[in-house]
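Comments concern the structure below.
The values are calculated or read from the model by the stated rules, or taken from the named source; none is laboratory data. Keep in mind that what you see is a predicted model, and the values were worked out from it rather than measured. Using ideal geometry, Cβ is built from the backbone for each residue, glycine included, and neighbour counts are taken over all protein chains shown. The accessibility values were calculated without ligands, DNA or RNA, using every heavy atom of the protein model including side chains. Shrake-Rupley method; radii C 1.70, N 1.55, O 1.52, S 1.80 Å.
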Amino acid sequence: MADMSPAGSSAPPVHTSLPWQRAAGGANLLSPDGGLGVTIFEEMTTLAVAKGAINLGQGFPDEDGPAEMKEAARAAIQAGANQYAPGKGFPRLREAVAAHQERFYGLTPDPDTEVIVTTGATEAIAASLLAFVQPGDEVLTFEPFYDSYGAIIAMAGAKHVTAPLVAPDFLPDLDVLEEAFSNRTKVVLLNNPHNPMGTVFPRDVLAKVVELAEKYDAIIVSDEVYEHLTFGEAHIPITTLPGAAERTITISSAGKTFSFTGWKIGWLSGPAHLVAAARTVKQFLSYSSGTPFQEAVAIGLGLPDAFYADIAATLKEKRDILAAGLREAGFGVYVPGGTYFINVDTATLGITDSVALARRLPDLVGVAAIPVPVFCHAEGAERTRSLLRFAFCKKTALLHEAASRLATLQDKL
């Protein structure tokens, strides 16, 4: 893996390197000498396998989602739904996305002109950024940030500007957020609920983002893949706020909500002119994908309210199991309002380098985690250098075992 210390985590200059180098630098995969490293996810997974550790690093479930969705996918394959889907997605799924947005949020996107299906949320984000960003522009995200954001921003040749999320609530200082905007801010890339910090942003923060996006005429791209995975805090799509709808692309996917991350079915919605621009780019990325899965996801989006309530309640129970084990281990625990992830402070154990600890954990106690500094630029990496992220989207028995192992950590340091 590349050197992830603060001194080695800045992206290379965006105009003086090849696109692959910009992408690697934006995702913190280049060492100071320009060497290419593997992602922290690959490194931790490799360590977990080698040590027989429980992998709480990468955020994917170890249980499948609804049986009726799996059956629908099997039936579609058997029925011959194995060729290209329409570039913007099958009408059935686009209509289901529109119905979902109205059912949960009172939004009424036109499924023909204001919704497209993508190869997961990752492609939707890439298509949206590549559609609107060019060299000289700035893209603003909160920090820490999901690694693909930095990669795509850099690949587009734009400057990645960040506003920090501050402990213990991991909310931004609104004055600092305002200072991060400029006349070059082209896109605000929001992740709500937030990975890796688990924040569910309240209305006042979202309203400030909208206010500043209006002031600087910026587009808002809102990644909301964890929209249904919140724990008592209501998810507010930013596009529902006054002044936001005409400038916002909203993105989500089936992977997180339904625990089918391998299907790679996502979607974006928004004003027709913004969706058309993103679709123009998207059609030259994957064109289309997931033909037999699109009908299955449409069925999932129509599942009753009880399903959505249950997935959040079950995940909350899992969060609390792991939180208890992490507290017993001696970590300072930040309980998240949503997502799959819980963050801890290793400083309570006298450890200030979470990257080094992450590399030792699989051998020490048989559990793997992800250090938060890898989701940051140099200054942010220094600010978060003692933080670790654990994923709790695993089977309950596995979480109990992980909690038990973690409880032995202090004796092994």
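Structure summary
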quantity	calculated
One residue from ASP169, ASP204 being closer than 17 Å to TYR340 by Cα and open to solvent by 50 Å² or more (accessible area, probe 1.4 Å)	ASP169
Index of the failed condition, ALA2 passing every other in (1) crowded, with 21+ Cβ neighbours inside 10 Å; (2) under 21 Å from the mean Cα position of the chain (by Cα); (3) modelled with pLDDT under 90; (4) more than 29 Å from LYS395 (Cα to Cα)	(2)
Sole residue being of a type in the set (A, V, I, L, M), open to solvent by 40 Å² or more (accessible area, probe 1.4 Å) and modelled with pLDDT of 95 or more, chosen from ALA67, ALA73, ALA85	ALA67
Residue that is open to solvent by less than 50 Å² (accessible area, probe 1.4 Å), out of contact with any Cys (no Cβ under 7 Å at 6 or more places or on another chain) and without any contact (Cβ under 8 Å) to a residue 60 or more places away in the chain, where the choices are ALA156, ALA151	ALA156
From the options GLU95, GLU102, GLU143, GLU178, residue that is open to solvent by less than 30 Å² (accessible area, probe 1.4 Å) and acidic (Asp, Glu)	GLU143
Check on ARG22, touching a strand residue (DSSP E or B) at 6+ places or on another chain (Cβ under 6 Å), assigned to a helix (DSSP H, G or I) and of a type in the set (D, E, K, R)	no
Condition broken by GLY198, with the remaining ones in (1) open to solvent by 10 Å² or more (accessible area, probe 1.4 Å); (2) of a type outside the set (Phe, Trp, Tyr); (3) in a loop (DSSP other than H, G, I, E, B); (4) under 30 Å from VAL344 (Cβ atoms) satisfied	(1)
Evaluation of PRO135 against (1) in contact with a Pro (Cβ under 9 Å, 6 or more places away or on another chain); (2) in a loop (DSSP other than H, G, I, E, B); (3) more than 21 Å from LEU301 (Cα to Cα) (one fails), failing number	(1)
Cβ-Cβ under 8 Å pairs, at least 6 apart or on other chains, region 339-354 side without any contact (Cβ under 8 Å) to a residue 12 or more places away in the chain and under 24 Å from LYS316 (Cβ atoms), far side open to solvent by 10 Å² or more (accessible area, probe 1.4 Å) and outside any strand (DSSP E or B)	none
Residue list for region 341-370, restricted to those being more than 17 Å from GLY330 (Cα to Cα) and in a strand (DSSP E or B)	PHE341, ILE370
Complete set of residues in region 214-230 that are within 18 Å of VAL275 (Cβ to Cβ) and not in a loop (DSSP other than H, G, I, E, B)	ILE219, ILE220, VAL221, SER222, ASP223
Matching residues in region 76-90 - criterion: being in contact with a Phe, Trp or Tyr (Cβ under 8 Å, 6 or more places away or on another chain) and more than 19 Å from ILE116 (Cβ to Cβ)	ALA76
Residue that is farthest from PHE307 (Cα to Cα) [pool: residues in region 66-108 that are under 24 Å from the mean Cα position of the chain (by Cα) and of a type in the set (A, V, I, L, M)]	LEU107
Pairs with Cβ under 8 Å, 6+ apart, first in region 236-259 and under 14 Å from MET69 (Cα atoms), second of a type in the set (Lys, Arg)	GLY255/LYS264
Search result, residues across region 45-61 that are of a type outside the set (S, T, N, Q) and at pLDDT below 90	GLY59, PHE60
Qualifying residue in region 53-62 (condition: open to solvent by 50 Å² or more (accessible area, probe 1.4 Å), under 22 Å from ASP363 (Cβ atoms) and of a type in the set (Val, Ile, Thr))	no
Among the candidates ALA131, ALA96, ALA154, residue that is in contact with a strand residue (DSSP E or B) (Cβ under 7 Å, 6 or more places away or on another chain), small (Gly, Ala, Ser) and within 23 Å of ALA278 (Cα to Cα)	ALA154
Residues within region 209-230 that are farther than 25 Å from VAL297 by Cβ and either open to solvent by less than 10 Å² (accessible area, probe 1.4 Å) or within 18 Å of the chain's Cα centre (by Cα) (or both), tallied	5
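Matching residues to (1) hydrophobic (A, V, I, L, M, F, W, C); (2) farther than 28 Å from THR257 by Cβ:
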| residue | (1), (2) |
| --- | --- |
| VAL344 | yes, no |
| GLY350 | no, yes |
| ASP353 | no, yes |
| VAL365 | yes, yes |
| ARG383 | no, yes |
| ALA391 | yes, no |
| LYS394 | no, no |
| LYS412 | no, yes |
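Condition check ((1) free of Cβ contacts under 8 Å to residues at least 24 places away in the same chain; (2) part of a loop (DSSP other than H, G, I, E, B)) across all residues:
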{"position": "ALA76", "(1), (2)": "no, no"}
{"position": "GLY80", "(1), (2)": "yes, yes"}
{"position": "ALA85", "(1), (2)": "no, yes"}
{"position": "ALA99", "(1), (2)": "no, no"}
{"position": "THR122", "(1), (2)": "no, no"}
{"position": "ILE125", "(1), (2)": "no, no"}
{"position": "ALA131", "(1), (2)": "no, no"}
{"position": "PHE145", "(1), (2)": "no, yes"}
